[in-house]
There are 2 protein chains.
Amino acid sequence: MEKKVIRVLEKILNVNDRIADELRQDLKEKGVLYLNLMSSPGSGKTSLLERTSSFFPEIISVIEGDIQTTLDAERLEAVGITSFQINTGAFGGDCHLEAGWISSALEELELKKGDLLFVENIGNLVCPAEFDVGAHLNGVVLSVTEGEDKPLKYPLAFRNSQFCLISKLDLLPYLDIDLQRMMDNVLQINPDMDIIKISSKTGEGIEDWINFLQEKKY
Amino acid sequence: MEKKVIRVLEKILNVNDRIADELRQDLKEKGVLYLNLMSSPGSGKTSLLERTSSFFPEIISVIEGDIQTTLDAERLEAVGITSFQINTGAFGGDCHLEAGWISSALEELELKKGDLLFVENIGNLVCPAEFDVGAHLNGVVLSVTEGEDKPLKYPLAFRNSQFCLISKLDLLPYLDIDLQRMMDNVLQINPDMDIIKISSKTGEGIEDWINFLQEKKY
């Protein structure tokens with residue numbers, strides 16, 4: 001029995017990977033930089049996108065992944081970001097997004113050269129990392145409140161990402177946490193990781209993040 | 001193809017549910033209270049167990065679920081808690097624990113009447129709630145840093161739990177968060193939820209948690 005499940009899952013993953021590769025290629029040709037944000041629940045992905053929007057007026061689109069609710073999409077709409085909500089609760093409560101769903105969502109978004117497309121993946125440090133959604137860059141948002149050890153405990157998301165945003169810097173004075181050790185743990189899993197330290201609340205580090213996007217943008 | 005996957009998954013879930021029911025019954029007969037703790041990564045489950053241990057010397061055992069590392073088990077050992085580590089990374093990186101694995105782990109733990117058994121589930125607000133591990137009581141640990149909306153966005157973990165620990169109360173003064181709204185959202189998903197507000201750092205609310213355990217304990 002088990003063998004059969006594995007074979008079917010492999011087939012699904014193969015299809016996902018093919019669609020992901022097509023998405024990556026298509027959006028590159030179109031001149032749209034596509035970034036996938038992964039994290040635990042409540043790490044500050046939506047707050048970061050709210051902050052980011054004012055620096056890139058009218059060129060940011062977001063595909064929101066959630067099990068339930070359109071709360072995040074509503075927050076983004078309030079700051080003028082075009083967003084498309086995928087609720088996996090409607091089809092079984094999946095804990096990740098897949099490339100095919102992004103592909104369908106893109107039919108609803110009118111993207112043009114120079115645009116930035118973000119996927120705000122489902123708040124989960126495990127499953128989303130197992131499915132390539134076809135992004136040009138994958139990123140992990142890691143809040144300082146989560147503790148230094150998380151890169152070691154959830155290595156796949158860090159291994160499969162090119163950048164890591166360490167968020168909620170403003171809370172550092174109130175935590176027993178060694179920020180350097182947190183960064184060392186990130187680099188232990190992925191020595192090539194670009195690490196950017198930010199606080200969406202105070203704005204600290206946001207300039208570095210904006211420069212990073214400007215540099216990668218088509 | 002899809003139908004086949006669903007049928008196989010149902011079969012796996014049926015087996016899991018049967019083992020879960022047996023575990024629940026066996027441990028009840030033995031007089032061991034069995035609690036399953038679920039949460040996002042870094043919500044403070046391990047810190048809570050460290051705090052709890054001094055109130056119940058020599059009667060707490062913990063089964064630790066992680067994808068990788070034995071970091072949490074080592075922390076518990078340091079405060080004298082007997083623990084058993086399950087690393088799902090060894091068999092595919094599963095994002096949840098299953099009843100059968102708990103059943104195997106129990107063969108390694110010598111439990112006696114009056115003991116408390118905790119499962120510290122994998123840090124993930126989605127998948128663990130989909131698998132009954134046979135606990136007498138399921139609980140969610142929700143850190144105030146995660147934001148008020150999490151019960152609405154990840155309802156299953158809250159629906160399937162009997163108690164909710166709102167953690168890291170000490171950080172409240174530094175957050176823009178409405179604690180009452182967070183509690184209202186918990187109760188909106190699960191009106192029967194026992195909510196206990198705690199800070200493992202300052203000890204605030206720990207007495208309520210200990211009283212809760214004393215009351216439920218066999």
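Just one of the numbered conditions (1) of a type in the set (A, V, I, L, M); (2) over 11 Å from the mean Cα position of the chain (by Cα); (3) at pLDDT 95 or above is not true of B:VAL126; which one?
In the conditions (1) of a type in the set (A, V, I, L, M); (2) over 11 Å from the mean Cα position of the chain (by Cα); (3) at pLDDT 95 or above, B:VAL126 misses (3) alone.
Among the numbered criteria (1) in contact (Cβ under 8 Å) with a residue 12 or more places away in the chain; (2) within 12 Å of chain B (Cβ to nearest Cβ), which single criterion is violated by A:GLY134?
(2)
What is the one condition in (1) within 14 Å of chain B (Cβ to nearest Cβ); (2) part of a helix (DSSP H, G or I); (3) modelled with pLDDT of 95 or more that A:GLU22 does not satisfy?
All conditions are met except number (1).
Which residue pairs have Cβ atoms closer than 9 Å, lie 6 or more positions apart in sequence or on different chains, and pair a first residue in the stretch B:94-118 that is touching a residue at least 12 places away in the same chain (Cβ under 8 Å) and in a strand (DSSP E or B) with a second residue that is surrounded by fewer than 22 Cβ atoms within 10 Å (Cβ to Cβ) and of a type in the set (D, E, K, R)?
Going by the 9 Å Cβ cut-off, the qualifying pairs are B:LEU116/B:LYS217.
Any idea how many residues of the stretch A:41-63 are within 23 Å of B:VAL140 (Cβ to Cβ) and among the charged types (D, E, K, R)? If you could, list the steps in order and put the result at the bottom.
Applying the first criterion (within 23 Å of B:VAL140 (Cβ to Cβ)) to the stretch A:41-63 yields A:41-47.
After this cut, where a residue has to be among the charged types (D, E, K, R) as well, the list is A:45.
Residues meeting the conditions: 1.
Look at A:GLU146 and say whether it is surrounded by fewer than 24 Cβ atoms within 10 Å (Cβ to Cβ) and at the interface with chain B (Cβ under 10 Å from one of its Cβ atoms).
no
Please work out if A:LEU172 is farther than 23 Å from B:GLN68 by Cα, within 13 Å of chain B (Cβ to nearest Cβ), modelled with pLDDT of 95 or more and out of contact with any Lys or Arg (no Cβ under 7 Å at 6 or more places or on another chain).
yes
So which of A:ILE122, A:ILE166, A:ILE196 ends up being within 14 Å of chain B (Cβ to nearest Cβ), touching a Leu at 6+ places or on another chain (Cβ under 7 Å) and part of a strand (DSSP E or B)?
Only one candidate qualifies: A:ILE166.
Looking for something of a type in the set (A, V, I, L, M) and more than 14 Å from chain A (Cβ to nearest Cβ) - is there at least one such residue anywhere in the stretch B:202-210?
Looking for residues that are of a type in the set (A, V, I, L, M) and more than 14 Å from chain A (Cβ to nearest Cβ), one finds at least one in the stretch B:202-210, hence yes.
Consider B:GLU74 carefully, then state whether it is among the acidic types (Asp, Glu), within 14 Å of chain A (Cβ to nearest Cβ), surrounded by fewer than 16 Cβ atoms within 10 Å (Cβ to Cβ) and not in a loop (DSSP other than H, G, I, E, B).
Answer is yes for this residue.
The values are calculated or read from the model by the stated rules, or taken from the named source; none is laboratory data. All figures in this text were calculated on a predicted structure; none of them were measured in a lab. Reconstructed Cβ throughout: ideal geometry from the backbone, glycine too, with neighbour counts over all protein chains shown.
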